[in-house]
2 protein chains.
Amino acid sequence: MPKSYPAPARFPVTVDVVALTVSEDVLNVLLITRLIKPFRGALALPGGFVLAGEDLVTAAGRELAEETGVEQIPGHLEQLGSYGPKGRDPRGDVLTVAHLLLAPNFPVLSAGSDAEHAAWYPVSQVLEGVLKLAFDHERILADALERARSKLEYSPLGVAFCGEEFTIAQLRAVYEAVWGTRLDPRNFHRKATGTPGFLEDTGRMTTGDAGRPAALFRLAEAARPLTGQPTRAVLNPPLMRPRD
Amino acid sequence: MPKSYPAPARFPVTVDVVALTVSEDVLNVLLITRLIKPFRGALALPGGFVLAGEDLVTAAGRELAEETGVEQIPGHLEQLGSYGPKGRDPRGDVLTVAHLLLAPNFPVLSAGSDAEHAAWYPVSQVLEGVLKLAFDHERILADALERARSKLEYSPLGVAFCGEEFTIAQLRAVYEAVWGTRLDPRNFHRKATGTPGFLEDTGRMTTGDAGRPAALFRLAEAARPLTGQPTRAVLNPPLMRPRD
DNA sequence: TCGATTTATTGTCAAGGTGACGATAACTAC
DNA sequence: GTAGTTATCGTCACCTTGACAATAAATCGA
């Protein structure tokens, strides 16, 4: 007998974004202060409803742009995962598709007083429970963090946190902030510069900083993530974070 | 000014499942023959609508059970990713949350003639274009395959393709089928048995097969995936698939 | 101007993991 | 029994990594 299809339930679908950046050696996440119920006044991930005829990543980018006042969001945006319609919003079943943005530190516009206010907060503050997030956003943040941490191991996405050009030390600071560990500068330098197809020397150097000037690198052409393709396993063998 | 929320669009939400298994050294995927339009008569991934009050993985498991006639689906089921409402179904915007099942080979009930018929097909047949899939299911399958391949590298999920107890050679056959490569039996044996916390010797042996009897192993307690937790990186350093 | 300090970069060395492959062990098939 | 097959144990050269010495090239402070 043909299956009797229940009336195809329709769900409100939102996109949320875990936007991460490294600022002054600290990993930060972009949060907004909610102006409407539920969780009014609480901190939450930026996000909003998907519009008809819109794609998921597109919606995520649009919401991010709207809520930060930044037109062109820099960095690498990818889908993280979906969080089931059941029991995550007191108003009813809402499906949310979480996204992950790895971005260089960009300033968010401190919007007018009655718009939702977006700002960067240290991730550690959330993990330690100093800051509480609305809905199931703490779990989403935890998943995003784990995704980011593992991506740094085998993909070139660590550079998404840096500007167009960066030093090895800046890249190392990214790894240290995301992983929450210290890495030996000499060994990191060897791995970063010694991995074929990862970094390209721009020929230029930093000036004005303390200490010896550092060479500026950019992501090698071959390591650029192809849109739609899975991020390539450029770091092979991977650059593993220290365990234990 | 407060953002003017457009009427929260609601979308039909489906779950699809890429169910993979290894049978006779060949990687297979579970496909159904569609009985209704669109793509009537074509092959597609099993799946269906999410019901109100249902979670995503739950829905995926339910649909799988319904369409195979198997009550308790074995193996490891996890979310793969979501595929945007835009332009993937000629009937309109439908959001689908794809899932991945890694399972030992289980027989699907050849249901009555007018139910959707589910069966295992070699993945290679789809990749080579011999079999065409409905909707964007070929892309979903490709993503699932990549996910499965990379999971075998660092997680213990290869054993999800095996029964409760298995030999090293059976596990190696899984790796070879999923990765599409040959692996040196001696080196694989060394890595599999030499990784602490991965496998447990049951003390029992195979009998009746050709060649020397093999020891039977099971997944070590410490490597069991905790539900809700990210699958653990038991294989550390990872067991990398050969590149090039 | 001259160390002192800071950071970048190049090496060195031992330990551990991997790929390639030899050698046995312990069965089944005939 | 003998041949064939598969499992398991070893060996060895090579590569990568972690720990750490040494040098290079700037800024900073007096």
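Secondary structure note: in chain A, about 75% of the DSSP beta bridges are antiparallel.
Taking every residue in A:92-104 and counting other chain Cβ atoms within 10 Å of its Cβ, the average works out to 2.
Its DSSP H runs of at least 4 residues, each contributing -39,500 (n - 2.57), put the calculated 222 nm mean residue ellipticity of the protein assembly as shown at -7500 deg cm²/dmol, to the nearest 500. Of all DSSP bridge pairs formed entirely within the protein assembly as shown, close to 75 percent run antiparallel. Check cross-link reach from residue A:132 to the lysines: straight Cα distance under 17 Å, and skip same-chain residues fewer than eight apart. Qualifying lysines at Cα under 17 Å: A:37. Inter-chain Cβ neighbour count for B:79-88, averaged per residue, equals 6 (cutoff 10 Å, partner chain atoms only). Computed with the Debye formula from one identical point scatterer per Cα of chain A, without solvent, the log10 of I(q)/I(0) at q = 0.10, 0.14, 0.16, 0.17 Å⁻¹ comes to -0.53, -0.95, -1.18, -1.29. Taking other Cβ atoms within 10 Å as a rough exposure proxy, A:155, B:23 sort from fewest to most as B:23, A:155.
Which percentage, to the nearest 5, of the DSSP beta bridges contained in segment B:13-139 is antiparallel? Antiparallel: roughly 70 percent of the beta bridges in segment B:13-139. Over segment B:8-57, all Cα pairs binned in 5 Å intervals from 0 give whole-percent P(r) values of 5, 16, 18, 20, 16, 13, 7, 2, 1, 0, listed from short to long. Peptide B:49-57 has a mean of 6 when you count, residue by residue, the C-beta atoms of other protein chains within 10 Å of its C-beta. Here the label points at residue B:209 and residue A:33, each 7 Å from Cα along the C-beta direction, are separated by 6.5 nm in the simple model. Inter-copy label distances at residue A:72, using a point 7 Å along Cα-to-Cβ, come to 5.7 nm with the shortest given first.
Translational diffusion coefficient of segment A:13-146 (Stokes-Einstein, Kirkwood radius from Cα pairs, 4 °C, 1.567 mPa s): 87 µm²/s.
Calculated FRET efficiency, residue B:52 and residue A:200, Cβ-Cβ r, R0 35 Å, to nearest 0.05? Between residue B:52 and residue A:200 the formula returns 0.10. Counting from the shortest, the label point at residue A:90, 7 Å from Cα toward Cβ, is 4.6 nm from the same position in each remaining copy. The residues B:17, A:108, when put in order of fewest to most other Cβ atoms within 10 Å, stand as A:108, B:17. Working from the Cα coordinates of the protein assembly as shown, the gyration tensor eigenvalues give, after taking √(5λ), semi-axes of 38, 32, 19 Å in decreasing order. Counting from the shortest, the label point at residue A:23, 7 Å from Cα toward Cβ, is 5.6 nm from the same position in each remaining copy.
Segment B:21-98 and segment B:129-176 have their alpha-carbon centroids 16 Å apart. Peptide packing for B:145-152, A:36-43 was compared via the average number of neighbouring C-beta atoms within 10 Å per residue; ordered from the highest value, the list is B:145-152, A:36-43.
Residue of chain B with the smallest Cβ distance to the axis mapping B onto A, distance rounded to whole Å: B:10, 2. Computed over segment B:38-83, the Cα gyration tensor eigenvalues convert (square root of 5λ each) into semi-axes of 18, 15, 12 Å, ordered from largest to smallest.
Every number here is computed from the coordinates shown, using simple stated rules; none is lab data. Please read these numbers as outputs of a predicted model, since none were measured by experiment. Quick reminder, even Gly has a Cβ in these numbers, built from the backbone with ideal geometry, and neighbours come from all protein chains shown.
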